[in-house]
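The values are calculated or read from the model by the stated rules, or taken from the named source; none is laboratory data. Bear in mind the structure is a predicted one, so any value in this text is a computation, not a measurement. Here the Cβ is made from the backbone with ideal geometry for all residues, glycine too, and neighbour counts use every protein chain on show. Remember, those area values only see protein heavy atoms, side chains included, never the ligands or the DNA or RNA. Shrake-Rupley method; radii C 1.70, N 1.55, O 1.52, S 1.80 Å.
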Amino acid sequence: MTVGLFAYSRQGCATAEAVRTFFSGDEVCAYAPARLAGSGFTPIPQPSGAFYGDAFARWDALLFVGSCGIAVRAIAPHVRDKKTDPAVLVIDEQGTYVIPLLSGHIGGANALAASLAAHMGATAVVTTATDIHQKFSVDAWAARNGFSLSSMAAAKAVSAAILERDVPMMSDFPVRSAYPAGVVAGTSGDIGICLTVEEKEPFTETLRLVPRILHIGIGCRRGTTAAAIAEAVEAVFEQHHLDRRAVKCAASIDLKQEEAGLLQFCQEQSWPLTFYSAEELSRLPGEFTPSPFVSRVTGVDNVCERAALMGADRFLVRKSARNGVTVALAAEDLEVQFG
């Protein structure tokens, strides 16, 4: 985690030093007014507007030791989207209260406030409705467990509904614990949650929680463009009604590690791309769709299926070929735990 820490008085700096001990192993940059700078605190530039804007964009969490007013004025021009805004917390100068001010769920400010308060012997002041009513916080749970939300509007609707009644949840994966307060198992209704890698809408208004568990294996001819690879991949996802947000990584054979189109496509998707040798792919046990041509060229009978299954557990889509591009999809096994 990267942290910006701001203090505005001598007492605030002393409290900030106590806060800093909580973040051992994390990158912490501490700032104070020029008159208090030194001893681990860098001067806050003046005027400070651009400085706070850069801090807001750069760090995972911003901690203000001082009043809520100071923090609000510093961050107000830069608040954009709860999916991307950093966690913002306020700690009073005496270290009595820790207040998550922004991105309590997705940004992790609520959880950070609780942990930091326990470390300092302080009280966490959490104001989000699902937390104070001890109901399931869908966006916080998704963020902690690496699930993507299909829609922020649907997430807000689900959170509002949970405060009024139990909301049904459908899961394509085994649920190995009791459902949390505010959620029950169900497959239909006016609003609900679906844990899936598929693009489906079992409820009238469906919030899909999408785990990143798909591995995509890609083979291609030399000189294949990024556009051609994108077209082949898109065709597979559309045909099988799969959500691209479920992709965790992509893989291919090391003969393709300088293939510009493949590199460009994965970079555009922000998918980590791993290359394996023919020997590594050949050692993978299982049944694969053989190709004599691919075997002659690469030294292994199949690239896309074997590459997809590296680090995964089961196939979702076997080899699909389109315009010189082969695509396969495999998934990691997943069990769902609440609590």
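The simple Förster model, with R0 at 35 Å and r as the Cβ-Cβ distance, assigns A50 and A118 a FRET efficiency of 0.50. Axis of helix 49-58 versus longest Cα principal axis of the chain: the two differ by about 40°, to the nearest ten degrees. Protein heavy-atom surface of the range 212-339, 1.4 angstrom probe: 47% of the accessible area is carbon and sulfur, with nucleic acids and ligands not counted. Dividing the helix sum by the residues of the chain, where each DSSP H run of 4 or more adds -39500 (n - 2.57), gives a mean residue ellipticity at 222 nm of -9000 deg cm²/dmol.
Explain nothing, just the number: dipole magnitude of the chain about its Cα centre with +1 on each Lys and Arg Cβ and -1 on each Asp and Glu Cβ, in debye rounded to the nearest 20. Let's see the in-between values first.
Working: 29 positive and 36 negative charges, 80 e Å.
Once rounded to the nearest 20, the dipole reads 380 debye.
Applying 0.36 nm per residue to the separation of R212 and Y97 and subtracting their alpha-carbon distance, the gain on full extension is 37.8 nm.
Between K200 and R221, what is the spin-label point distance in nm, taking each point 7 Å from the Cα along the Cα→C-beta axis? Computed distance between label sites K200 and R221 equals 3.7 nm.
Once the Cβ-Cβ distance of Q134 and V297 is raised to the sixth power relative to R0 = 51 Å, the FRET efficiency obtained is 0.30. The angle between the Cα long axis of helix 10-22 and the main principal axis of the chain comes to about 30°, on a 0 to 90 degree scale. For the range 67-180, with all protein chains present and a 1.4 Å probe, just round the carbon and sulfur fraction of the accessible area to a whole percent. Answer for the range 67-180: carbon and sulfur cover 52 percent of the accessible area.
Summary value for the chain: 11 percent relative contact order, contacts being C-alpha pairs under 8 angstrom separated by 6+ residues. Taking label points 7 Å from Cα along the Cα-to-Cβ direction, C29 and S177 give a separation of 3.6 nm. Between T274 and A250, A251, S252, the built amide H atoms are under 5 Å apart, and every one of these is 5 or more places off in sequence or on another chain. Assuming charge only on the beta carbon of Lys and Arg (+1) and of Asp and Glu (-1), the dipole of the range 1-94 about its Cα centre is about 200 debye to the nearest 20.
Can you give the extra length, in nm with one decimal, that the chain gains between A157 and Q257 once fully stretched, where that is 0.36 nm per residue apart less the Cα-Cα distance?
Numbers: separation 100, 0.36 × 100 = 36.00 nm, distance 4.45 nm.
Going from the current span to full extension adds 31.6 nm.
Relative to the dominant Cα principal axis of the chain, helix 226-239 is inclined by about 90°. If both residues of a DSSP beta bridge must be in the chain, then about 35% of such bridges are antiparallel. Split the chain at each of the GluC sites (Glu not before Pro) in a DSSP loop with at most 10 other beta carbon atoms within 10 Å, and the longest piece is 1-163.
Computed from backbone phi, the HN-Hα couplings of the range 92-103 come to 5, 4, 8, x, 8, 10, 10, 10, x, 9, 8, 6 Hz, rounded to whole numbers (Karplus: 6.51 cos²θ - 1.76 cosθ + 1.60, θ = phi - 60°; Gly and Pro given as x). Between A321 and A235, the distance separating the two model label sites (each 7 Å from Cα on the Cα→Cβ line) works out to 1.1 nm.
Per residue, how much accessible area does the chain have with a 1.4 Å probe, in Å²? Working shown, then result.
Values: 15950 Å² over 339 residues.
Roughly 47 Å² per residue, with all protein chains present.
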